[in-house]
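The values are calculated or read from the model by the stated rules, or taken from the named source; none is laboratory data. Quick caveat, the model's predicted, so the values are computed rather than measured. Note that we place each Cβ from the backbone using ideal geometry, even for glycine, and neighbour counts take in every protein chain shown. Side chains are part of the model used for accessible areas, which takes the heavy atoms of the whole protein and leaves out ligands, DNA and RNA. Shrake-Rupley method; radii C 1.70, N 1.55, O 1.52, S 1.80 Å.
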Amino acid sequence: MNSLPADMENALTGSQSSRASLRDVHSINPTQLMARIESYEGREKKGISDVRRTFCLFVTFDLLFVTLLWIIELNVNGGIENTLEKEVVQYDFYSSYFDIFLLAVFRFKVLILAYAVCRLRHWWAIALTTAVTSAFLLAKVILSKLFSQGAFGYVLPIISFILAWIETWFLDFKVLPQEAEEENRLLIVQDASERAALIPGCLSDGQFYSPPESEAGSEEAEEKQDSEKPLLEL
(Lines give C-alpha, C1' and ligand atoms only; values in the text may rest on other atoms or scores of the structure.)
Protein backbone atom coordinates (compact mmCIF):
# COMPACT_ATOMS: atom_id res chain seq x y z
CA MET A 1 0.00 0.00 0.00
CA ASN A 2 1.29 3.42 -0.91
CA SER A 3 2.18 5.67 1.99
CA LEU A 4 0.23 8.88 2.60
CA PRO A 5 1.78 12.19 1.48
CA ALA A 6 3.63 14.22 4.03
CA ASP A 7 1.00 16.97 4.19
CA MET A 8 -1.79 14.44 4.83
CA GLU A 9 0.25 12.80 7.59
CA ASN A 10 0.89 16.19 9.18
CA ALA A 11 -2.83 16.99 9.01
CA LEU A 12 -3.72 13.66 10.60
CA THR A 13 -1.19 14.06 13.39
CA GLY A 14 -2.34 17.65 13.98
CA SER A 15 -6.00 16.59 14.20
CA GLN A 16 -5.12 13.72 16.53
CA SER A 17 -3.13 16.02 18.81
CA SER A 18 -5.95 18.56 18.89
CA ARG A 19 -8.48 15.84 19.70
CA ALA A 20 -6.21 14.54 22.44
CA SER A 21 -5.90 18.03 23.90
CA LEU A 22 -9.66 18.45 23.79
CA ARG A 23 -10.16 15.11 25.52
CA ASP A 24 -7.69 16.14 28.19
CA VAL A 25 -9.52 19.41 28.73
CA HIS A 26 -12.96 17.78 28.85
CA SER A 27 -11.70 15.25 31.39
CA ILE A 28 -11.10 18.12 33.83
CA ASN A 29 -13.93 19.05 36.13
CA PRO A 30 -15.53 22.53 35.88
CA THR A 31 -13.68 23.77 38.97
CA GLN A 32 -10.30 23.04 37.40
CA LEU A 33 -11.44 24.60 34.11
CA MET A 34 -12.39 27.82 35.88
CA ALA A 35 -9.08 27.82 37.72
CA ARG A 36 -7.18 27.51 34.44
CA ILE A 37 -9.23 30.24 32.80
CA GLU A 38 -8.53 32.57 35.73
CA SER A 39 -4.81 31.79 35.54
CA TYR A 40 -4.71 32.55 31.79
CA GLU A 41 -6.73 35.74 32.27
CA GLY A 42 -4.32 36.76 35.03
CA ARG A 43 -1.44 36.40 32.61
CA GLU A 44 -3.26 38.52 30.05
CA LYS A 45 -3.90 41.23 32.64
CA LYS A 46 -0.16 41.46 33.33
CA GLY A 47 0.12 42.85 29.80
CA ILE A 48 3.42 41.19 28.95
CA SER A 49 4.40 37.55 29.12
CA ASP A 50 7.43 36.21 30.95
CA VAL A 51 9.24 35.22 27.76
CA ARG A 52 8.63 38.65 26.21
CA ARG A 53 9.93 40.33 29.37
CA THR A 54 13.07 38.20 29.10
CA PHE A 55 13.47 39.35 25.49
CA CYS A 56 13.19 43.00 26.54
CA LEU A 57 15.81 42.42 29.24
CA PHE A 58 18.16 40.95 26.64
CA VAL A 59 17.62 43.97 24.38
CA THR A 60 18.55 46.20 27.32
CA PHE A 61 21.61 44.06 27.94
CA ASP A 62 22.59 44.55 24.30
CA LEU A 63 22.61 48.34 24.70
CA LEU A 64 24.44 48.30 28.04
CA PHE A 65 27.08 45.83 26.87
CA VAL A 66 27.90 47.75 23.69
CA THR A 67 27.98 50.99 25.71
CA LEU A 68 30.39 49.43 28.20
CA LEU A 69 32.71 48.26 25.43
CA TRP A 70 32.63 51.68 23.81
CA ILE A 71 33.49 53.42 27.11
CA ILE A 72 36.38 51.00 27.61
CA GLU A 73 37.58 51.80 24.09
CA LEU A 74 37.43 55.53 24.89
CA ASN A 75 39.60 55.03 27.98
CA VAL A 76 42.12 52.86 26.19
CA ASN A 77 42.70 55.31 23.33
CA GLY A 78 43.77 58.34 25.38
CA GLY A 79 41.06 59.22 27.90
CA ILE A 80 37.31 59.69 27.68
CA GLU A 81 37.24 63.47 27.07
CA ASN A 82 39.81 63.59 24.28
CA THR A 83 38.61 60.44 22.54
CA LEU A 84 34.95 61.41 22.93
CA GLU A 85 35.58 64.75 21.25
CA LYS A 86 37.51 63.01 18.49
CA GLU A 87 34.84 60.33 17.82
CA VAL A 88 31.69 62.42 18.32
CA VAL A 89 32.49 66.05 17.44
CA GLN A 90 35.04 65.14 14.76
CA TYR A 91 33.18 62.04 13.62
CA ASP A 92 34.85 59.96 10.93
CA PHE A 93 33.12 56.90 9.47
CA TYR A 94 36.43 55.17 8.80
CA SER A 95 37.87 55.39 12.31
CA SER A 96 35.11 56.15 14.83
CA TYR A 97 33.19 53.66 17.02
CA PHE A 98 30.46 56.15 17.86
CA ASP A 99 28.19 54.91 15.07
CA ILE A 100 28.28 51.36 16.47
CA PHE A 101 27.02 52.75 19.78
CA LEU A 102 24.26 54.65 17.95
CA LEU A 103 23.36 51.41 16.18
CA ALA A 104 22.82 49.73 19.56
CA VAL A 105 20.64 52.68 20.66
CA PHE A 106 18.62 52.31 17.45
CA ARG A 107 18.02 48.60 18.11
CA PHE A 108 17.01 49.29 21.70
CA LYS A 109 14.50 52.04 20.88
CA VAL A 110 12.83 50.19 18.01
CA LEU A 111 12.55 46.83 19.78
CA ILE A 112 11.37 48.21 23.13
CA LEU A 113 8.81 50.42 21.41
CA ALA A 114 7.54 47.59 19.23
CA TYR A 115 7.56 44.64 21.64
CA ALA A 116 7.23 46.24 25.09
CA VAL A 117 5.16 49.39 24.53
CA CYS A 118 3.07 48.39 21.49
CA ARG A 119 3.24 44.63 22.31
CA LEU A 120 3.66 43.74 18.66
CA ARG A 121 3.18 40.07 17.71
CA HIS A 122 5.00 40.14 14.40
CA TRP A 123 8.61 39.79 13.32
CA TRP A 124 8.88 42.86 11.05
CA ALA A 125 10.46 45.12 13.70
CA ILE A 126 13.22 42.65 14.61
CA ALA A 127 13.75 41.99 10.89
CA LEU A 128 14.24 45.73 10.32
CA THR A 129 16.77 46.19 13.13
CA THR A 130 18.74 43.06 12.22
CA ALA A 131 18.86 43.97 8.53
CA VAL A 132 20.02 47.52 9.24
CA THR A 133 22.60 46.31 11.77
CA SER A 134 24.00 43.64 9.45
CA ALA A 135 24.21 45.94 6.42
CA PHE A 136 25.85 48.78 8.36
CA LEU A 137 28.39 46.54 10.11
CA LEU A 138 29.36 44.84 6.87
CA ALA A 139 29.90 48.22 5.22
CA LYS A 140 31.80 49.45 8.28
CA VAL A 141 34.13 46.46 8.30
CA ILE A 142 34.79 46.56 4.55
CA LEU A 143 35.28 50.31 4.12
CA SER A 144 36.69 51.51 7.47
CA LYS A 145 40.11 51.14 9.08
CA LEU A 146 38.96 49.58 12.33
CA PHE A 147 41.23 46.55 12.11
CA SER A 148 44.30 48.76 12.30
CA GLN A 149 43.17 50.28 15.64
CA GLY A 150 43.68 47.29 17.91
CA ALA A 151 41.42 44.64 19.40
CA PHE A 152 38.34 46.84 19.62
CA GLY A 153 38.29 47.06 15.84
CA TYR A 154 37.33 43.37 15.92
CA VAL A 155 35.36 43.14 19.16
CA LEU A 156 32.73 45.87 18.76
CA PRO A 157 31.49 44.95 15.25
CA ILE A 158 31.47 41.21 15.99
CA ILE A 159 29.65 41.61 19.33
CA SER A 160 27.03 43.92 17.81
CA PHE A 161 26.45 41.51 14.93
CA ILE A 162 26.08 38.47 17.21
CA LEU A 163 23.74 40.21 19.67
CA ALA A 164 21.45 41.39 16.86
CA TRP A 165 21.08 37.86 15.48
CA ILE A 166 20.56 36.35 18.95
CA GLU A 167 17.67 38.77 19.46
CA THR A 168 16.18 37.68 16.13
CA TRP A 169 16.48 33.99 17.01
CA PHE A 170 15.02 34.47 20.50
CA LEU A 171 11.98 36.38 19.27
CA ASP A 172 11.26 34.15 16.28
CA PHE A 173 11.76 30.78 17.98
CA LYS A 174 10.82 31.50 21.60
CA VAL A 175 8.65 34.57 22.16
CA LEU A 176 6.15 34.43 19.30
CA PRO A 177 5.57 30.61 19.25
CA GLN A 178 5.16 30.38 23.03
CA GLU A 179 2.68 33.27 23.15
CA ALA A 180 0.69 31.73 20.28
CA GLU A 181 0.60 28.41 22.12
CA GLU A 182 -0.62 30.08 25.30
CA GLU A 183 -3.36 31.85 23.36
CA ASN A 184 -4.49 28.58 21.74
CA ARG A 185 -4.61 26.89 25.13
CA LEU A 186 -6.77 29.70 26.49
CA LEU A 187 -9.20 29.37 23.58
CA ILE A 188 -9.40 25.58 24.04
CA VAL A 189 -10.04 25.89 27.78
CA GLN A 190 -12.71 28.55 27.28
CA ASP A 191 -14.43 26.45 24.59
CA ALA A 192 -14.34 23.39 26.83
CA SER A 193 -15.82 25.31 29.76
CA GLU A 194 -18.66 26.61 27.59
CA ARG A 195 -19.41 23.10 26.34
CA ALA A 196 -19.25 21.68 29.85
CA ALA A 197 -21.81 24.22 31.01
CA LEU A 198 -24.22 23.11 28.26
CA ILE A 199 -23.84 19.33 28.81
CA PRO A 200 -26.38 17.98 31.37
CA GLY A 201 -24.04 15.17 32.36
CA CYS A 202 -21.53 17.59 33.79
CA LEU A 203 -23.26 17.76 37.14
CA SER A 204 -21.94 17.38 40.61
CA ASP A 205 -22.30 14.17 42.60
CA GLY A 206 -24.70 15.86 44.98
CA GLN A 207 -27.26 16.30 42.21
CA PHE A 208 -27.40 12.51 41.75
CA TYR A 209 -28.05 11.87 45.46
CA SER A 210 -31.15 9.74 46.07
CA PRO A 211 -32.68 10.02 49.56
CA PRO A 212 -33.51 6.85 51.50
CA GLU A 213 -37.00 5.46 51.57
CA SER A 214 -39.35 7.35 53.82
CA GLU A 215 -41.00 5.85 56.85
CA ALA A 216 -44.43 6.47 55.32
CA GLY A 217 -43.70 3.95 52.61
CA SER A 218 -42.81 1.29 55.18
CA GLU A 219 -46.06 1.92 57.12
CA GLU A 220 -48.12 1.54 53.94
CA ALA A 221 -46.42 -1.82 53.24
CA GLU A 222 -47.26 -3.07 56.74
CA GLU A 223 -50.92 -2.03 56.34
CA LYS A 224 -51.12 -3.98 53.06
CA GLN A 225 -49.71 -7.09 54.72
CA ASP A 226 -52.25 -6.83 57.60
CA SER A 227 -55.13 -6.50 55.14
CA GLU A 228 -54.02 -9.61 53.22
CA LYS A 229 -53.87 -11.88 56.33
CA PRO A 230 -57.68 -12.32 56.81
CA LEU A 231 -58.11 -13.24 53.16
CA LEU A 232 -55.51 -15.96 53.48
CA GLU A 233 -57.18 -17.41 56.61
CA LEU A 234 -60.54 -17.67 54.79
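Some observations on this one:
- Computed from the Cβ-Cβ distance with R0 of 41 Å, the FRET efficiency linking residue 90 to residue 58 stands at 0.75.
- Amide H to amide H distances under 5 Å link residue 120 with 115, where only residues 5 or more positions off or on other chains count and H is placed in the peptide plane.
- With all protein chains kept in place, the per residue accessible area of the stretch 50-195 amounts to 55 square angstrom at a probe of 1.4 angstrom.
- On the stretch 50-195, 69 percent of the accessible area sits on carbon and sulfur atoms, based on a 1.4 Å probe.
- Bins of 10 Å, starting at 0 and running to the largest distance - Cα pair percent for the stretch 50-195: 11, 36, 26, 16, 6, 4, 2, 0
- The label-point distance for residue 132 and residue 105, in a model that sets each label 7 Å from Cα toward Cβ, rounds to 1.3 nm.
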